[in-house]
Amino acid sequence: MSKTEFFFIVLCFLIFVFKITSIRLTGFDLFGDEAQYWIWSKNLDYGYYSKPPLLSWIIALICSIFGNSIFVIKMIPVLMYCLSSYVVFLLAKKMFRKKDLAFCIATTFFLMPAVSVSSFIISTDVFLIFFWALSMLQIYNIKENPNIINFSLLGIFVGLAFLSKYAAIYFIICLILLLFIEKDFREIFFRKKIYSLYFILTIILIIMPNIIWNINNDWTTFQHTADNAGLKRIKLNLFGSIEFIVSQIFMIGPIVFLFFVFGFKKYITNDFNTRFLLVFSVPIFIIILIESVVVRANANWAAVSLISFLILFTHTVLKKYKKAIIINNVVNFFFGLGLFVLISTNSTLEPFKRIAGISNFANTLIEENPKYINNLVVTDRMLFSNLSYIFYEERIKMFVTHAPGKKINNHFQITNPLPGNFDSNFIFVGNVDELKYLKNKYSVNFIDKKNISFMNEPIKIYAITF
């Protein structure tokens, strides 16, 4: 083992320990989406309003063994990125036939800012990235040994990627493009027609339960995905594209990016590995970049492209600027260290306000309203998710407002709608105008207005009596 490899192992081990320690020490609550995924895990199904089901299935399995604490939930992404880093190592070793190079790429991936941030957030991206990397590795296995097992495994991994997040459709797009530009690889798929059919049928078999669920629920998830893309709200936004590009540079690490830009003309090679990495990164980046211009794009929407970009950048920079990778990883280490120090000390900085003080608010809600707290109605989806997680062991029935016949905007309007004929007293958090669809006469009694960091607007609390 070289000194550089040993140094990288130390950095990875230290940041891993800091992650675990910070999660154990933090007083932050779950993000609203995290709480929502946990709630879904208590009602297992083949699909949900905004996401496919795999994440909730895995949360259900883990929590059934280790409990439902925030520490257990937050440890899922931490450990998954350890597994993803190992898959990146296997992929890089398969591509370049150099163990030391593969090790360097894998540790650079593990220390990447995007991984540090995502390690604190249980999300669908965590499992999409894992199965995406496995699928990329499987392409090389097929290239070396095009047997039925390898084709079937590719179908399994791509299918599970779909059940993680619908962004897995990008893998199919990239694979088709790879078949189009790589004659030798295309001939493998056409020569092994039966195996290719197995690949397709395996994907269909795995995702079929979710497709059936969507059919039975009026394609709710796909409608949400289309709405989220915002193609009906097209408005040119050049600043949004700049913001997206900058976010991707910082997610992968600005140092490795800059050194790649300086040296790619001299040191990048036109071989299958390079074309493969470009095919599985550039199309995704362009699609999301266009989305950022015409509507908007979140930084994580192109997360899977960072796998290929990271491998390409690191491999290219190492040819000439080995010290740049060392500097890059040290800087990224200190970024991750700083991030988790802020988490462990319950930082009051703006990015953390969304997950601070929710438990205190929940406790106050019970203590100040013991008379009506048996029924709680909340209009905000994120707050509903958080309170549902916090109150899960309490005897509190929770609802969201949803007038019959109106468009469904979130999962809880399907599972926890406040019935129009409801006639029991309840505590209401939100805009009282949303109660107008109730059929029984009710009285509105204003209780309090709280300015709390995790909400953009003051929270208004009412007692609704019949």
Options 329, 298: the member that is on the phi < 0 side of the Ramachandran plot, buried (at least 23 other Cβ atoms within 10 Å of the Cβ) and either more than 20 Å from the chain's Cα centre (by Cα) or without any contact (Cβ under 8 Å) to a residue 40 or more places away in the chain (or both):
329
Residue check, residue 92 crowded, with 17+ Cβ neighbours inside 10 Å, part of a helix (DSSP H, G or I) and in contact with a Lys or Arg (Cβ under 7 Å, 6 or more places away or on another chain)
no
Tabulated pairs, region 43-71, first without any contact (Cβ under 8 Å) to a residue 24 or more places away in the chain and closer than 19 Å to residue 410 by Cα, second among the aromatic types (Phe, Trp, Tyr) and not in a loop (DSSP other than H, G, I, E, B), C-beta under 6 angstrom, 6+ apart or interchain
56/37; 56/40
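Report, by residue number, each residue of region 443-465 that is assigned to a strand (DSSP E or B) and farther than 16 Å from residue 386 by Cβ.
Once the filter is applied, which keeps residues that are assigned to a strand (DSSP E or B) and farther than 16 Å from residue 386 by Cβ, region 443-465 yields 443, 444, 445, 446, 447, 448, 449, 460, 462, 463, 464, 465.
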Going by what's in this entry, would residue 280 be described as more than 25 Å from residue 125 (Cα to Cα), crowded, with 18+ Cβ neighbours inside 10 Å, touching a residue at least 12 places away in the same chain (Cβ under 8 Å) and of a type in the set (Phe, Trp, Tyr)?
no
Mind listing just one residue for me: the one in region 440-454 that is touching a helix residue (DSSP H, G or I) at 6+ places or on another chain (Cβ under 9 Å), closer than 27 Å to residue 423 by Cα and not hydrophobic (A, V, I, L, M, F, W, C) and, of those, surrounded by the most Cβ atoms within 10 Å (Cβ to Cβ)?
442
Is it the case that residue 311 is aliphatic (A, V, I, L, M), more than 19 Å from the chain's Cα centre (by Cα) and crowded, with 24+ Cβ neighbours inside 10 Å?
yes
Given 342, 306, 337, which one is buried (at least 21 other Cβ atoms within 10 Å of the Cβ) and either under 25 Å from residue 38 (Cβ atoms) or hydrophobic (A, V, I, L, M, F, W, C) (or both)?
306
Out of (1) hydrophobic (A, V, I, L, M, F, W, C); (2) crowded, with 16+ Cβ neighbours inside 10 Å; (3) farther than 27 Å from residue 29 by Cα, the odd one out for residue 461 is which?
(3)
Selected residue (criterion: nearest to residue 54 (Cα to Cα)) from residues of region 97-156 that are assigned to a loop (DSSP other than H, G, I, E, B) and touching a residue at least 60 places away in the same chain (Cβ under 8 Å):
123
Suppose the filter is hydroxyl-bearing (Ser, Thr, Tyr) and either modelled with pLDDT under 95 or within 29 Å of residue 410 (Cα to Cα) (or both); does residue 84 pass it?
no
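So that you can scan it fast, the table gives a plain yes or no per residue for (1) loosely packed, with under 15 Cβ neighbours inside 10 Å; (2) of a type in the set (Ser, Thr, Tyr); (3) within 17 Å of residue 29 (Cβ to Cβ):
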site	(1), (2), (3)
352	no, no, yes
369	no, no, no
381	no, no, yes
393	yes, no, yes
400	no, no, no
Could you tell me whether any residue of region 173-182 is crowded, with 21+ Cβ neighbours inside 10 Å and either of a type outside the set (Lys, Arg) or touching a Pro at 6+ places or on another chain (Cβ under 6 Å) (or both)?
yes
Extreme residue, nearest to residue 338 (Cα to Cα), among residues of region 353-390 that are among the aromatic types (Phe, Trp, Tyr) and touching a helix residue (DSSP H, G or I) at 6+ places or on another chain (Cβ under 7 Å):
389
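Quick grid of which residues meet (1) over 28 Å from residue 456 (Cα atoms); (2) part of a loop (DSSP other than H, G, I, E, B); (3) over 19 Å from the mean Cα position of the chain (by Cα):
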{"position": "23", "(1), (2), (3)": "no, no, no"}
{"position": "29", "(1), (2), (3)": "no, yes, no"}
{"position": "39", "(1), (2), (3)": "no, no, no"}
{"position": "47", "(1), (2), (3)": "yes, yes, no"}
{"position": "60", "(1), (2), (3)": "yes, no, no"}
{"position": "65", "(1), (2), (3)": "yes, no, yes"}
{"position": "73", "(1), (2), (3)": "no, no, no"}
When region 164-201 is examined, which residues are found to be farther than 22 Å from residue 283 by Cβ, assigned to a helix (DSSP H, G or I) and touching a Phe, Trp or Tyr at 6+ places or on another chain (Cβ under 8 Å)?
195, 198
So is residue 418 in contact (Cβ under 8 Å) with a residue 12 or more places away in the chain and more than 21 Å from residue 36 (Cβ to Cβ) or not?
no
Cβ-Cβ distance below 7 Å, separation of 6 or more or different chains: which pairs start in region 1-29 with a residue that is in contact (Cβ under 8 Å) with a residue 24 or more places away in the chain and end on one that is of a type in the set (Gly, Ala, Ser)?
15/336; 19/119; 21/344; 22/344; 25/344; 26/344; 28/356; 29/359
Restricting to region 8-58, and then to whatever is in contact with a Lys or Arg (Cβ under 9 Å, 6 or more places away or on another chain) and of a type in the set (A, V, I, L, M), can you tell me which residue is surrounded by the most Cβ atoms within 10 Å (Cβ to Cβ)?
55
Looking at region 424-458 only, could you name the residues that are at pLDDT 90 or above and of a type in the set (D, E, K, R)?
433, 434, 436, 439, 441
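The values are calculated or read from the model by the stated rules, or taken from the named source; none is laboratory data. On a predicted model such as this, the values are computed, not experimentally measured, just so you know. We place every Cβ from the backbone using ideal geometry, glycine too, and count neighbours over all the protein chains shown.
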